[in-house]
Amino acid sequence: MAVANTPSVSAETLLQRGRDLIPVLKQRAGTAEELRHIPEETVRDLRDAGLFQIAAPAMFGGNGHEIDLMFRVAMELGRGCGSTGWCYSVLSIHNWMVGHWPMALQEEYFATGPDTISSSSFAPIGKLTPVDGGYRLSGHWEFSSGADAGTWALVGAMSPLGPAFMMVPQPDYTILHDTWHVSGMKGTGSKDLVIEDAFVPAYRLLPVANFGPGSGMADVHQRDSYRFPAMAMLSFTLCAPLVGIAQGAVDNFIERMTGTTGPGRTAESAYIQMRVAESSVEVDTARLIVEHDTRQVIERAANGDTLPEIETHRYRRDVNYVARLCTAAVDRLFEASGGRSLWDTDAMQRFHRDVHAGAHQTALFWDPVAESYGRALLGLAPIQVTLPGQNRLKEEHGE
C-alpha cells in the first residue's frame, strides 16, 4: 500500500475556492460563448486558486490530493459555467495522465510548473513513422477542449505497440481557430489540431496498455490512483462537469421561482414543486455516484484489489447513467421555465444546451454501455467497444 502524500492545503479549502469562483463564472459564461473559448482571466483564476495542482504529482508541485477531489471541484465549477467545468476537468486529468509517462517526459512537461496545461484529442488517428530516436507524426484531430489555454497537446495514434498517446509541445502543432461553431459547450474552444511531420522522441509516447499499473509509477509518485487501469477513472472526467451543469440549472430554477405567487408557473404551483424536487434528487444521486465510485476505485487500488471484468462494466455504466440523470434533470426544469428561458442571455437555456452537448460525447452514449453491462450480468461475452476515432481510422484505411 502506498504512503499517502501529505496535502499542502486541505480538500475543503480547495473545494471552497472552487465554490467562490461560481459567481464570477456565471458573469463570464456569456463571454466564454462569444469568445468560443475560456477567457484568459478564468484560466488565471483557476491557476491562482491552486485547482490545477490537484491532478499533478506531488514531486512536481502537486498539492498532494488524489484525483477524486478534482472531480468534486469540476462539479462545483460547472454550476457557474458548464464550459469552464468541462475544460477544468479535461485539462486537469491530463496532468494526472502525464504521471504515467517515462520520467524524462514528466520532467520536461512539468518544467513550467504543476499547472502546465495540455489539451487533447484521444482518437488514435495520427500517422506514425519510426525514425532514429522516436517517430515522425502527422495528423488532424478534432474536439481538443481548452486548446487555446494549452502549451502541450496529448494526441492518439496507432503505434507498433498498439494504440498510443503522444505528448507534443508547441509549436509542433497548430490550432485551427475557426472550427468550433456548435450549439452547446460553446466556451470550451474544442478546436482542431494539426501536426505535420513533427519529431516525437520515443519517451513522449506511451501505449494505452501502459496506463495504470503497467506504467510502474504508483510507487514513484506514492499515488494509489496509478495502481488501477486508467480507464476505470478517466471516464469520470466527462460526467463530473455535467453534474455541475445540472446543479446550476437547479440553482437557477430555485432562484427564479422563489417568492413568485399566484396560478401558473410560480412557487405555489404543485407541479413546479414536484419538478424541482425530482430534478434535485437526480442531481444529488448523480453527485453521489461520482463521489462514491471515484473514492472506491482509489481505496480498492490502495488495498491491492483486482478489478473483475463485471466491475469494469459497472463503472462505465455508472458514468453513462450520471449523464442520463443530468440531462433528465435539466430537461424537466427547462420545460417549466417559461418563454424567458429562451433568451440567449438567460442561463437556463445555456445549461440546457451545455448538458446535452456534453452528453453527446461518444464515451457517454448509453446504449452500448448498457448492453455491455447487461450481457455481463447475464453471463454473456462482452461486446467489442470501439475507441473514439476508431471508425474513422478504419474508413481511412478502407476497412
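If you go through the stretch 325-340 and keep only what is touching an Asp or Glu at 6+ places or on another chain (Cβ under 9 Å), part of a helix (DSSP H, G or I) and not hydrophobic (A, V, I, L, M, F, W, C), you end up with 332, 340. Scanning the stretch 216-237 for residues that are within 26 Å of residue 326 (Cα to Cα) and in contact with a Phe, Trp or Tyr (Cβ under 6 Å, 6 or more places away or on another chain), we see that the one that is surrounded by the fewest Cβ atoms within 10 Å (Cβ to Cβ) is 230.
Matching residues to (1) within 30 Å of residue 18 (Cα to Cα); (2) buried (at least 21 other Cβ atoms within 10 Å of the Cβ); (3) in the same structural domain as residue 78 (by TED's automatic domain parsing):
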position	(1), (2), (3)
158	no, no, no
161	no, no, no
182	yes, no, no
239	yes, yes, no
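Considering each residue of the stretch 13-31 in turn, none proves to be touching a residue at least 24 places away in the same chain (Cβ under 8 Å), among the hydrophobic types (A, V, I, L, M, F, W, C), touching a Phe, Trp or Tyr at 6+ places or on another chain (Cβ under 7 Å) and surrounded by 14 or more Cβ atoms within 10 Å (Cβ to Cβ).
The lone criterion from (1) over 22 Å from the mean Cα position of the chain (by Cα); (2) under 19 Å from residue 116 (Cβ atoms); (3) in a strand (DSSP E or B) left unmet by residue 168 is number (1). Can you say whether residue 386 is of a type in the set (Val, Ile, Thr), at pLDDT 85 or above and more than 21 Å from residue 240 (Cβ to Cβ), as far as the supplied structure shows? So residue 386 does not fit the description; no. Listed by first and then second residue, the pairs with beta-carbon distance under 7 Å, at least 6 apart or on different chains, first residue in the stretch 274-288 and farther than 24 Å from residue 74 by Cβ, second crowded, with 20+ Cβ neighbours inside 10 Å, are 275/333. If you go through the stretch 131-149 and pick out every residue that is touching a helix residue (DSSP H, G or I) at 6+ places or on another chain (Cβ under 7 Å) and buried (at least 16 other Cβ atoms within 10 Å of the Cβ), you end up with 4. Taking each residue of the stretch 104-132 that is among the basic types (Lys, Arg) and looking for partners that are surrounded by 20 or more Cβ atoms within 10 Å (Cβ to Cβ) and at pLDDT 95 or above with beta-carbon atoms closer than 6 Å, six or more apart or interchain, yields 127/139. Only helices (runs of 4 or more DSSP H) whose full extent lies in the stretch 199-280 are considered here, and the ones with at least 3 residues that are out of contact with any strand residue (DSSP E or B) (no Cβ under 8 Å at 6 or more places or on another chain) and farther than 15 Å from residue 165 by Cβ are 218-221, 236-257.
Within the stretch 122-160, the set of residues being among the polar types (S, T, N, Q) and touching a Cys at 6+ places or on another chain (Cβ under 8 Å) comprises 145 only. Based on what the data block shows, is residue 287 surrounded by fewer than 16 Cβ atoms within 10 Å (Cβ to Cβ) and either under 30 Å from residue 146 (Cα atoms) or touching a Cys at 6+ places or on another chain (Cβ under 8 Å) (or both)? No: the conditions fail for residue 287. Residues of the stretch 289-324 that are without any contact (Cβ under 8 Å) to a residue 40 or more places away in the chain and under 17 Å from residue 89 (Cβ atoms): 289, 318.
The values are calculated or read from the model by the stated rules, or taken from the named source; none is laboratory data. Please read all numbers here as calculations on a predicted model, not as lab measurements. Cβ: placed from backbone, ideal geometry, glycine included. Neighbour counts: every protein chain shown.
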